[in-house]
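In what follows, a structure is listed as structure tokens, so that the remarks can point back to it.
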Amino acid sequence: MENNKIIYQGYVVNNQDPLMLGRVRAVPVTAIAADLLPENWNEENDIWTERDPLIYLPLIPYYVSQVPRIDEYIHIFYYNTKQRVDNTKFYIQGPITRPQNNSFEDWHNAESMLASGVFLKQANQLKDPVSTETKADVKGIYPEPGDNALLGRGTADVIVKTNEVLVRAGKNVETQTAGFNLPTPRQNRSFLQISNFDLQKEEKDPIKKKLFSNKPKMVKKLVEWEVTKEGVITGNTIGGGVTGGTFYDGNVSLYSLIPKPETQSTLVNMDTPLDQYKGAPEYTLVFTGKTLDEGVKLINQFINGVNSGKINIDGYDQYPSQNNTSIDNQFPFYFRPTKNNIDKLDSSGSTNYNMVAGFYKKIKLLPSDAQSGSVLVWNKNIIGQQLTLETLTLKQSVFTPSPVSYGTIGADFVYLLSHKSDIPSKSKITLEPKETLYGITQPYFTDNVLPNTDPMVRGNELMKLLTLIVKFMASHVHNINEAPIPIGVDGTELSQIFKILQDADNSILNQNIRLN
């Protein structure tokens, strides 16, 4: 079997190549390092020299740098398997068991992907083997088949798609990649995306459509009626007989309702608790000693008064009291019995039930209405929830075959730096190679870049302020001998300008996108 091998297994013991060519010192897994070293080996002087038999050259070109870490698995290749101690031998990075281990995985774990390591625990699957769909929790973190990618040893990568390049750092929560945990995407990652699309989106004139919808309205007014007492009065007839009549006491009140989700027309009914959404009665009518028909008539007149905008009943004060005023904005309103009378309606067959039920059946907005007692009045002379005619404005988006490109940079903090620019009142950002050539460190960002840059301006927000200033100046008049008037003739107020200026650091300026 040994003679049939073309690829051998090994692990890295040193990756600090003095020539920085990507070479490593490695040991085949079937060998012992000490047995491979030549006679008179001097660890201090011979390491990384032509006498060092553990040096392996990278098989992939220098221009793609992928140097494994110490104790990581590598594949070993020999020009001549009979001469394994010279420098004509190569390596290529070996497999890993799961993408979460891209930071480091020792060679023993890596073997689990090979025949020699089938006894080791296998990794969790990130794709469903049947549907081939990537699990939702990790979708987008790792490259998909068909896309090319360069992967860093952590949360950074470069994805090259058919018409898109994506450079990312912080793509997932790094602390969750240990062991067999599935990683979680990181929302506030840093990224640069350049894309080309075959189609360009254009907006055409919107389409307006009219349709009826069952759209609720806020109930503006509440009318509650109540029968408080039933009495029978008897007397003698001329012929010596006994006669009698039934009379009632009661009241009816008008309230305004506070506009809340609970006072929508689709939610208000006879049993809806509304005490916390109504104030003191705006107007109350009290009656005593009335027959059933007289009491019903008074309540119906009250309801019709709200319906028409003026409660004007003989023998009672009108509401509103002024002759030239009316009840405005009252629709929709609801009339119903009080909680006291609703409880009586629940006692079917009792005297109290019969007293209230007699009124309930006859209290209506219009005599021809089928609904009685507890009714929503949608509009004048119209009861019940009605369909509302609405005009919908629908956008027309058209995609035309015109290639268009996009470029986006996203991060918590974005800096645009020019080597030739500086802010006169601040120190110049030099971007010295010693400190920034291999990447700007966080302390350099916070201590040198941040204090020497200015926030970017939001153009539209600035234009609002400038427009307001111009409008105030153009419409402002005042006597030269008096203090300036803080309101222009068009209604523009100086206080509006001051209010915008007070929040300008956050509304007009974007503190998180800065430049020098």
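The values are calculated or read from the model by the stated rules, or taken from the named source; none is laboratory data. Here the structure is a predicted model, which is why all the values come from computation and not from measurement. Cβ placement follows ideal geometry from the backbone for every residue including glycine, while neighbour counts extend to all protein chains displayed. Note: areas computed on protein heavy atoms with side chains; ligands, DNA, RNA excluded. Shrake-Rupley method; radii C 1.70, N 1.55, O 1.52, S 1.80 Å.
Table for the structure above
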item	result
Pair list, Cβ < 8 Å and 6+ apart or interchain, from the range 49-68 residues that are under 22 Å from residue 158 (Cα atoms) and among the hydrophobic types (A, V, I, L, M, F, W, C) to residues that are assigned to a loop (DSSP other than H, G, I, E, B) and open to solvent by 80 Å² or more (accessible area, probe 1.4 Å)	60/66
Hey, residue 288 farther than 15 Å from residue 373 by Cβ and at pLDDT below 95 or not	no
Filter result (touching a helix residue (DSSP H, G or I) at 6+ places or on another chain (Cβ under 9 Å) and open to solvent by 90 Å² or more (accessible area, probe 1.4 Å)) within the range 395-421	413
Residue that is modelled with the highest pLDDT [pool: residues in the range 487-504 that are assigned to a loop (DSSP other than H, G, I, E, B) and open to solvent by 70 Å² or more (accessible area, probe 1.4 Å)]	503
Those residues of the range 505-516 which are assigned to a strand (DSSP E or B) and either touching a residue at least 60 places away in the same chain (Cβ under 8 Å) or open to solvent by 70 Å² or more (accessible area, probe 1.4 Å) (or both), in sequence order	512, 513, 514, 515
Answer residue from the range 39-84, given it is surrounded by 15 or more Cβ atoms within 10 Å (Cβ to Cβ) and over 60 Å from the mean Cα position of the chain (by Cα) and is nearest to residue 149 (Cα to Cα) among those	84
Residues of the range 215-235 classified as within 12 Å of residue 255 (Cβ to Cβ) and among the charged types (D, E, K, R), total	3
Number of positions in the range 427-447 that are open to solvent by 60 Å² or more (accessible area, probe 1.4 Å) and within 36 Å of the chain's Cα centre (by Cα)	6
Only listed residue being at positive phi, open to solvent by 60 Å² or more (accessible area, probe 1.4 Å) and in a loop (DSSP other than H, G, I, E, B), chosen from 140, 146	146
The range 158-178 residues that are on the phi > 0 side of the Ramachandran plot, paired with ones that are modelled with pLDDT under 95 and open to solvent by 60 Å² or more (accessible area, probe 1.4 Å) (beta carbon under 6 Å, 6 or more apart)	170/186; 170/189
Condition met for residue 226 (modelled with pLDDT of 95 or more, acidic (Asp, Glu) and either in contact with a Pro (Cβ under 8 Å, 6 or more places away or on another chain) or part of a strand (DSSP E or B) (or both))	yes
